[in-house]
Amino acid sequence: MRVAVVCGNPKPKSRTLEAALFVAKRLCDRPPEVVLDLVDIGSHLLGWGDPVATDAVQQVCACDIGIFASPTYKGSYTGLLKLFLDQVPTDGLNGMLAFPVMLGAAMGHALAPEVFLKPVLVELGASCPARGLYLLETDYASEELIDAWVARAKPFLPR
C-alpha cells in the first residue's frame with residue numbers, strides 16, 4: 001500500500017501539512033511514501049503539460065491511499081489544491097482510498113471536507129469511505145481527536 005499526502009496550504013511547511021502527515025502516520029501506521037507540499041510546485045500547476053506538475057500528479061495517482069489536506073479558505077479548500085486536482089485526469093484517482101482533511105479557525109466550517117473536497121475526489125475516481133476530517137487550527141495535532149477519527153476510518157483500509 002503506497003500512501004500519499006497532498007497539502008494545499010499556500011504556506012510552506014504549514015500546520016496543515018503537519019496535521020496531514022500525523023493523520024497519515026496514525027491511519028497507516030507508517031509515514032507516507034509521497035509527500036507533496038503543493039506550495040513547492042505552485043507555479044508549475046498554472047499550465048497544462050508542465051513536467052513538474054505531471055510528475056507530481058503521476059506520483060500521487062500511483063498511490064493506493066491519499067490524504068488530501070487544505071486549510072479552510074472562504075469556507076472551502078484552497079485554490080492551490082484546486083489547481084492540482086484540475087491536473088488529475090478523469091478517473092486518475094481510480095482505485096485510491098482518499099481521505100479529505102481540512103483545518104479551520106471555527107467549527108462553523110466543519111462540513112467543508114464533506115461538502116466541498118470529498119465530491120471532487122470522488123469525481124476523480126477515488127473512494128472516500130470515511131467521513132472527512134475537520135480539525136481546528138488549535139487542535140490539529142490532538143491525538144484524542146485524530147485517533148477517534150482513525151478508529152472509524154481504519155476499518156476501510158485493505159488488510
Query raised in the report: Within the range 124-145, can one find any residue that is at pLDDT 95 or above and assigned to a helix (DSSP H, G or I)?
Result: no
**Report entry** Contacts under 7 angstrom Cβ, first residue in the range 52-68 being closer than 13 Å to PHE99 by Cα, partner modelled with pLDDT under 95 and hydrophobic (A, V, I, L, M, F, W, C), 6 or more apart
**Finding:** ASP64/MET1; ILE65/MET1
Query - Close pairs (9 angstrom Cβ cut-off, 6 or more residues apart or separate chains): more than 18 Å from ALA98 (Cβ to Cβ) in the range 31-46, surrounded by fewer than 17 Cβ atoms within 10 Å (Cβ to Cβ) and hydroxyl-bearing (Ser, Thr, Tyr) anywhere - result: HIS44/THR54
Report summary line: Condition set over 16 Å from the mean Cα position of the chain (by Cα) and not aliphatic (A, V, I, L, M), scope the range 101-136, selection surrounded by the fewest Cβ atoms within 10 Å (Cβ to Cβ): answer is GLY108
Query - Neighbours by Cβ (under 9 Å, 6+ apart or cross-chain): first from the range 121-144, closer than 17 Å to GLY75 by Cα; second among the acidic types (Asp, Glu) - result: GLY132/GLU114; TYR134/GLU114
Query raised in the report: If you go through the range 100-110 one residue at a time, do you hit one that is in a helix (DSSP H, G or I) and either free of Cβ contacts under 8 Å to residues at least 24 places away in the same chain or of a type in the set (A, V, I, L, M) (or both)?
Result: yes
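The values are calculated or read from the model by the stated rules, or taken from the named source; none is laboratory data. All values reported here derive from a predicted model rather than from experimental measurement. Positions of Cβ are generated from backbone atoms using ideal geometry, with glycine treated the same way; all protein chains shown enter the neighbour counts.
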